[in-house]
Amino acid sequence: MNYDLATVKALTAALQDARARTLALVEDLDEQQLLGPRLPTTNPLCWEIAHAAYFHELWVLRHLGRRTEILPDSDELFDSISIQHDLRWDLPLPDMINILKYMEDVLSAELVQLNQIELADSEKYFYLLALFHEDMHGEALTYTRQTLAYPAPGFLQGKAPSGHAESPANEDIEIAGGVFMLGAKRDGEFIFDNEKWAHKVTLAPFRIARYAVSNQDYAEFVEAGGYLTEKYWCQQGWRWRCEQGLEHPVYWNRDSDQTWYARQFDQWRPLDLSHPVIHISWHEASAFCKWAGRRLPTEAEWEFAAACDPGNRTDDGPRKTPFPWGKHIAENCANLDSTAPGTVAVDACPNGDSASGCRQMLGNVWEWTDSTFLPYPGFSPDWYREYSRPLFGQTKVLRGGAWATRGRMLRNTWRNYYGADRNDVFAGFRTCAD
């Protein structure tokens with residue numbers, strides 16, 4: 001997790017690393033698997049990897065470098081904004097040999113250009129935009145393999161899953177609240193438009209769980225009939241649960257002796273009770289909270305617990321750090337970058353505790369918040385205008401990153417967002433006292 005993207009050398013290595021990960025996520029798949037079934041939550045994998053390269057070409061080569069397109073009709077083939085999702089399976093895509101050649105040509109031209117320009121912040125912005133976009137698609141490719149029950153990608157195979165263990169006792173951390181600055185500061189670092197800008201928010205005192213909700217905690221909800229009891233669910237959530245026919249999390253099953261198993265890629269394994277529950281929708285997280293007499297944190301509460309040092313005050317409130325553990329990316333602080341073959345126990349990575357004492361605020365599982373995804377005061381879209389604005393008011397905010405998220409793009413102010421019904425992504429949650 002040592003990522004310094006301030007130099008041409010470091011940025012070159014990161015771009016090559018992102019592309020190597022993208023290719024490693026599809027290299028073992030046959031032609032039928034690369035296309036995959038037509039689902040609302042996935043893309044054809046062969047289209048998705050080409051789209052990731054196209055995004056580099058669009059912003060780094062064509063926008064920043066003023067180059068002409070490398071592949072004729074690439075806009076009609078790979079532009080996710082103009083091509084309806086359901087039509088992506090019907091496009092006249094190049095074969096894999098030519099898709100891979102296109103991806104190689106884009107990266108090669110991008111690296112040549114990188115060594116020819118002065119890497120000022122305005123130029124670096126587009127390289128980082130394309131890099132982090134590909135990192136996001138790398139995570140999407142990973143959970144697509146999970147959705148489709150494909151084998152684990154090769155770089156995860158052979159890594160031993162952790163053992164079946166009891167979940168540690170959770171506890172609440174008292175946070176005094178008060179005024180703090182929610183969002184990203186104008187410090188010259190790369191941010192996405194929905195993090196703009198830091199603004200004062202006043203929080204009442206609250207209590208937040210030290211750990212994310214574990215599989216053991218969630219199994220108690222399931223076994224208490226939580227999925228079959230309408231009073232725990234909002235109206236939309238209950239309708240979604242009934243339509244899906246869910247009586248437990250989507251990748252869980254129970255055998256004849258009542259032992260829970262969970263599917264990870266194409267393998268069924270005994271449920272790791274000490275691990276965080278994952279592949280949970282906002283609807284499911286909300287229902288658990290109602291059953292447990294708890295609630296989801298707001299995103300402001302989440303960011304305060306992750307980023308603020310209550311004992312270190314400034315004129316704007318408690319001092320914030322970019323990561324829960326401090327100012328710099330550090331080893332053994334979070335489960336990120338697919339270094340593990342999945343989640344780890346909720347009490348792992350103690351070196352990553354926030355100043356408040358919360359563990360794994362970054363990594364392991366994305367955490368749902370109670371907040372609807374909305375713009376901060378004074379929001380304005382950046383160059384990639386469709387990144388945030390179309391989803392405002394329609395999605396819920398998640399924070400923190402998951403085991404397959406690339407650490408180089410994360411920080412405490414990073415906002416993710418999905419529809420409340422999405423249980424295919426690497427999402428779990430932690431709770432607050434109600």
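The values are calculated or read from the model by the stated rules, or taken from the named source; none is laboratory data. These numbers were taken from a predicted model, which means no experiment stands behind them. Here Cβ is always computed from backbone atoms with ideal geometry, including for glycine, and neighbour counts include all displayed protein chains. Just the protein is used for accessible areas: all its heavy atoms, side chains included, with ligands, DNA and RNA removed. Shrake-Rupley method; radii C 1.70, N 1.55, O 1.52, S 1.80 Å.
The table below gives the values:
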{"item": "Search result, residues across region 20-53 that are under 21 Å from Asp95 (Cβ atoms), open to solvent by 30 Å² or more (accessible area, probe 1.4 Å) and free of Cβ contacts under 8 Å to residues at least 60 places away in the same chain", "result": "Asp30, Gln32, Leu35, Arg38"}
{"item": "Lone unmet requirement of (1) open to solvent by less than 40 Å² (accessible area, probe 1.4 Å); (2) among the small types (Gly, Ala, Ser); (3) closer than 25 Å to Pro168 by Cα for Ala300", "result": "(3)"}
{"item": "Given (1) within 21 Å of Gly177 (Cα to Cα); (2) part of a loop (DSSP other than H, G, I, E, B); (3) more than 13 Å from the chain's Cα centre (by Cα), number of the condition Trp414 does not satisfy", "result": "(3)"}
{"item": "Qualifying positions in region 289-305 - in contact with a Cys (Cβ under 8 Å, 6 or more places away or on another chain) and either free of Cβ contacts under 8 Å to residues at least 12 places away in the same chain or not hydrophobic (A, V, I, L, M, F, W, C) (or both)", "result": "Arg294, Arg295, Pro297, Glu301"}
{"item": "Residues (free of Cβ contacts under 8 Å to residues at least 40 places away in the same chain and open to solvent by 30 Å² or more (accessible area, probe 1.4 Å)) located in region 352-387", "result": "Asp353, Thr372, Leu374, Arg385"}
{"item": "Extreme residue, surrounded by the most Cβ atoms within 10 Å (Cβ to Cβ), among residues of region 191-226 that are closer than 16 Å to Ala306 by Cα and basic (Lys, Arg)", "result": "Arg210"}
{"item": "Answer residue from region 303-341, given it is in contact with a strand residue (DSSP E or B) (Cβ under 6 Å, 6 or more places away or on another chain) and part of a strand (DSSP E or B) and is surrounded by the most Cβ atoms within 10 Å (Cβ to Cβ) among those", "result": "Cys308"}
{"item": "All positions within region 388-418 that are open to solvent by less than 30 Å² (accessible area, probe 1.4 Å), in contact (Cβ under 8 Å) with a residue 40 or more places away in the chain and out of contact with any helix residue (DSSP H, G or I) (no Cβ under 6 Å at 6 or more places or on another chain)", "result": "Gly400, Gly401, Ala402, Trp403, Gly407, Arg408, Leu410, Trp414, Asn416"}
{"item": "Checklist (1) of a type outside the set (Asp, Glu); (2) part of a loop (DSSP other than H, G, I, E, B); (3) open to solvent by 30 Å² or more (accessible area, probe 1.4 Å); (4) under 17 Å from Thr413 (Cα atoms) applied to Val344, failing item", "result": "(4)"}
{"item": "Residue satisfying condition, being out of contact with any helix residue (DSSP H, G or I) (no Cβ under 7 Å at 6 or more places or on another chain), closer than 21 Å to Met409 by Cβ and open to solvent by less than 30 Å² (accessible area, probe 1.4 Å), within set Glu139, Glu134", "result": "Glu139"}
{"item": "Boolean, Gly237 is farther than 28 Å from Met361 by Cα, small (Gly, Ala, Ser) and open to solvent by less than 60 Å² (accessible area, probe 1.4 Å)", "result": "no"}
{"item": "Evaluation of Leu271 against (1) open to solvent by less than 10 Å² (accessible area, probe 1.4 Å); (2) within 17 Å of Thr372 (Cα to Cα) (one fails), failing number", "result": "(2)"}
{"item": "Residues that are more than 30 Å from Asp434 (Cα to Cα) and not charged (D, E, K, R), drawn from region 263-287", "result": "Gln264, Phe265, Gln267, Trp268, Pro270"}
{"item": "Breaking point among (1) open to solvent by less than 70 Å² (accessible area, probe 1.4 Å); (2) assigned to a helix (DSSP H, G or I); (3) under 22 Å from Arg389 (Cα atoms), for Leu111", "result": "(3)"}
{"item": "Qualifying residues in region 274-297 (those that are out of contact with any Gly (no Cβ under 7 Å at 6 or more places or on another chain) and among the hydroxyl-bearing types (Ser, Thr, Tyr)) - the one surrounded by the most Cβ atoms within 10 Å (Cβ to Cβ)", "result": "Ser281"}
{"item": "Any hit, region 344-359, residues being basic (Lys, Arg) and closer than 21 Å to Lys196 by Cα", "result": "no"}
{"item": "Within region 57-79, tally of residues that are open to solvent by 30 Å² or more (accessible area, probe 1.4 Å) and among the hydroxyl-bearing types (Ser, Thr, Tyr)", "result": "1"}
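Let's see how each residue does on (1) in contact (Cβ under 8 Å) with a residue 40 or more places away in the chain; (2) farther than 22 Å from Cys358 by Cα; (3) of a type in the set (A, V, I, L, M, F, W, C):
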residue: Tyr261; (1), (2), (3): no, yes, no
residue: Phe265; (1), (2), (3): yes, yes, yes
residue: His283; (1), (2), (3): yes, yes, no
residue: Ala287; (1), (2), (3): yes, yes, yes
residue: Ala307; (1), (2), (3): yes, no, yes
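Table: residues versus (1) free of Cβ contacts under 8 Å to residues at least 60 places away in the same chain; (2) assigned to a loop (DSSP other than H, G, I, E, B); (3) open to solvent by 20 Å² or more (accessible area, probe 1.4 Å); (4) not aromatic (Phe, Trp, Tyr).
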position	(1), (2), (3), (4)
Leu5	no, yes, yes, yes
Ala14	no, no, no, yes
Ala18	no, no, no, yes
Phe55	no, no, no, no
